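The values are calculated or read from the model by the stated rules, or taken from the named source; none is laboratory data. Source: prediction; values computed, not measured. Ideal geometry is used to build each Cβ from the backbone, glycine not excepted, and the neighbour counts take in all protein chains shown. These area figures cover heavy atoms from the full protein model, side chains too; ligands, DNA and RNA do not enter into them. Shrake-Rupley method; radii C 1.70, N 1.55, O 1.52, S 1.80 Å.
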Amino acid sequence: MITTKEQIRNAAARLFRKRGYRATSMRDIAEAVDIKAASIYNHFKSKQEILQGLLMEIAHQFEEGMQQITKSSLPPNQKMERVIALHIRLTIENTDSIALIASEWVHLEDPVATTYLHIRNTYEEDLRKIIEAGKESGVFQNADTEIILFSVLSTLRWLYSWYSKNKNYNQIELEQQLIQCLIGGINAI
């Protein structure tokens, strides 16, 4: 059974995604959960605390996933496959929270904002290293690393938007298709 706190988090994620963080009030969230607005404060101190919890939970899941990938002895192309699979899994499991990464993170306040940006920048640097290793080993084309990074991350960061309209794909099928498109496009000929 889902707790009231989880219901509040889920409703907030949906509303932040649909309306934006600023345009969503605690009263809006309470109405979505069918509780009194004052009752939310039994679970959360503020709307900011809810946003921080949603974004930091996802950030830590990406951080942990990337750490497992980078510590593995897999070749770069298989590491890239794991990165794609990580994004797909987290998108399917947390579509509304993932959507907040694209734009609502800018509303985070310090010190959480600084921590969030550090995790995001480290994640991107780890992905950059996988791409560089793939280029050095000859499994990826010798294209510009930043363009490859931009192309892969842009697709994966906006996957939630596409997936929301295409939920008929199961996780395995989606992984196969995206791996074919993203890695097939950067594999050496």
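Data for the structure
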| quantity | calculated |
| --- | --- |
| Where a residue in region 156-178 is in contact (Cβ under 8 Å) with a residue 24 or more places away in the chain and surrounded by 15 or more Cβ atoms within 10 Å (Cβ to Cβ) and its partner, wherever it lies, is of a type outside the set (A, V, I, L, M, F, W, C) and assigned to a helix (DSSP H, G or I), with Cβ under 7 Å and at least six apart | LEU156/HIS87; LEU159/HIS87; LEU159/THR91; TYR160/THR91; TYR160/THR95; TYR163/THR91; TYR163/THR95 |
| Long-range neighbours under 7 Å by Cβ, at least six apart or interchain, first residue closer than 16 Å to GLY138 by Cα within region 77-91, second of a type in the set (Gly, Ala, Ser) | ASN77/GLY134; LYS79/SER72; MET80/GLY134 |
| From the options ALA23, ALA59, ALA38, residue that is farther than 30 Å from ILE84 by Cβ and open to solvent by less than 70 Å² (accessible area, probe 1.4 Å) | ALA23 |
| Cross-chain or 6+ apart pairs with Cβ under 9 Å, region 105-129 first and under 10 Å from LEU51 (Cβ atoms), then among the β-branched types (Val, Ile, Thr) and in a helix (DSSP H, G or I) | LEU108/THR114; LEU108/THR115 |
| Of all residues making up region 124-155, the number that are open to solvent by less than 20 Å² (accessible area, probe 1.4 Å) and in a helix (DSSP H, G or I) | 9 |
| Test: residue in region 60-75 that is touching a Ser or Thr at 6+ places or on another chain (Cβ under 8 Å), in a loop (DSSP other than H, G, I, E, B) and touching a residue at least 40 places away in the same chain (Cβ under 8 Å) | yes |
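Okay, residues lined up against (1) outside any helix (DSSP H, G or I); (2) acidic (Asp, Glu); (3) at pLDDT 95 or above:
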position	(1), (2), (3)
ARG14	no, no, yes
GLU31	no, yes, yes
LEU90	no, no, yes
ILE101	no, no, no
